[in-house]
Structures are given as C-alpha cells and as structure tokens.
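Right, one structure below, let's go through it.
The values are calculated or read from the model by the stated rules, or taken from the named source; none is laboratory data. Remember, it's a predicted structure, so these values are computed and weren't measured experimentally. Cβ placement follows ideal geometry from the backbone for every residue including glycine, while neighbour counts extend to all protein chains displayed. Note: areas computed on protein heavy atoms with side chains; ligands, DNA, RNA excluded. Shrake-Rupley method; radii C 1.70, N 1.55, O 1.52, S 1.80 Å.
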Amino acid sequence: NTITNKWGEIVNSTPDNVPMRKSNCGMISFNINGKDKLLLVGGYGPTPVTTHSHSQYVPNPNDPNYCCTNEIHLMCVSSSPGQWIVPVITGTRPPPCTGFTLHTLPGNRGVMFGGVTIEETGEHRVDDVFLLTYSQDTIDFQKVVKPGDTRGKWPKGRGYHASSIIKTISSNKQDTFHLLVLGGLDENNKTLTDFWILNLFSLKWFQIDLPESVTKRGGHSLSTFYISKHCVWVVVTGGWR
C-alpha cells in the first residue's frame, strides 16, 4: 500500500485455479473497465500436482520434478484479490517458456519477447515476439512473423535478457512505442553483447552498437527515464558476464 507504506499478503482463495510455484515468469498489470488486473504468464518450477487442461508442463530432462509451463492466469486486484482465474486464450498461445520479458503497452496491449524453452535435448533459446491484446477475461496472443532471412534483421534467441519500453514522437507527431532488448544468454549459454530496438508499429528491428561494458550481461535490469520528450535515459544495472 503506497499510502500507508505497508505490505500485505494476498491469500489464494481459489485453490483449483492457483498458479504453480514458479520463477522467471512474466507479470504485468492493466486496467479493464476501471478494474485493475494482473496477468501472470509462464515460468519454471516444481511440477504441480494439479494442472490446467489448456496448459502444458514440459519436464526438465535432467530433473523431472521440475518443469517449464505456459500457464496463464488473471487476478482482479481491485475487486477480488486472491482470486485467480484461467482466462480464455485466443490466437497463438506461447509455448512453455521461462526467462522471457513481458511489458504492458497502451490500449490494453502487451508484448512478450524471447525466453527459454525445454525440449528432450535440453534448453533452447527462442527469438519469438508475441503481441497481446486484453479484454475482460480473454487474452489474445499473436506471434509476429519473422522475415525469411533474419541475419542482421532480427535478434538471436535468448533468455535472461532485459528489456524496456520507450515512447517516441514520429515526424507526423504520432506516438510510437519501441521495445528495447539488451544482452542475455544465447543457445550456448554464452553472454550476448548486443542491443536491439523493435519498432512496435512497423514491427521492424534495428541494432545499435554499444560498448560491451554495457551490453555483455545476463540476469540484469533495464529501466528508462524520460528527462524530456526528446531525451530518454536508459539505465542498466547488475547481472553476470
């Protein structure tokens, strides 16, 4: 509570719909018809006893007691704190994934990028972009189609990267939003040293060269601060090399 500066624990009131215990999942907030909601996506953790019929749980081949999931849950914080529901999913549901990034966009939208999936051969880093649209109790996922030749046009698959959203004003004075993506771990578990920006209107990526002292890291944080409408600070902290 930012008025009283006190924390309060939300107790699950719907045991049948409760998410599995997990780490490296994604969570964003949004407002529909005046109601504040939380959206929880994916993650990795102990294989649950109770599963959801429309979700997948891919076991870790090295430890089948743990799994990667594509569970998706909603909670209405403003009216029913502690009551999770399993929303209706339309479009292309993301695969079981962990270590991705997820952000809210204006207009009841969101964007999800990258992450780690688990297959029989082990972990796999993905380069997928999903655009989300929220309605009352429905989430629509649309996977962005990649160009035929992605070299120099699309970032490598990665997990445990960091990302943020910035807004710019185009020449016709329209707001355009961009997804910033920095670093992470590649398919060989090596630290990446690149920085990419996705124009969320044209859905085209472009790369900016930055020093490795900034980009070479995984498990870090990335934040943006608006100094003015023409100046945005990008702040990177923490992580491993």
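Structure data summary
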quantity	calculated
Output for the stretch 173-216, where each listed residue is without any contact (Cβ under 8 Å) to a residue 24 or more places away in the chain, touching a Ser or Thr at 6+ places or on another chain (Cβ under 7 Å) and open to solvent by 80 Å² or more (accessible area, probe 1.4 Å)	E212
Subset of the stretch 190-241 (residues that are within 19 Å of the chain's Cα centre (by Cα), within 21 Å of T104 (Cα to Cα) and among the β-branched types (V, I, T))	I197, T224, V234, V235, V236
Output for the stretch 132-172, where each listed residue is out of contact with any Ser or Thr (no Cβ under 6 Å at 6 or more places or on another chain), open to solvent by 20 Å² or more (accessible area, probe 1.4 Å), on the phi < 0 side of the Ramachandran plot and touching a residue at least 60 places away in the same chain (Cβ under 8 Å)	S135, Q136, D137, I165, I169
Matching residues in the stretch 115-130 - criterion: being touching a residue at least 40 places away in the same chain (Cβ under 8 Å) and either open to solvent by less than 20 Å² (accessible area, probe 1.4 Å) or aliphatic (A, V, I, L, M) (or both)	G115, V116, T117, I118, G122, R125, V129
Among residues of the stretch 107-128, those that are among the polar types (S, T, N, Q) and over 29 Å from I32 (Cβ atoms), counted	2
Checking K229 against (1) surrounded by 12 or more Cβ atoms within 10 Å (Cβ to Cβ); (2) touching a residue at least 40 places away in the same chain (Cβ under 8 Å), the condition it does not meet	(1)
Sole residue being β-branched (V, I, T), over 16 Å from L200 (Cβ atoms) and part of a strand (DSSP E or B), chosen from I166, I118	I118
Residue ranges of strands (runs of 3 or more DSSP E) in the stretch 196-241 with at least 1 members modelled with pLDDT of 95 or more and farther than 17 Å from T101 by Cα	204-207
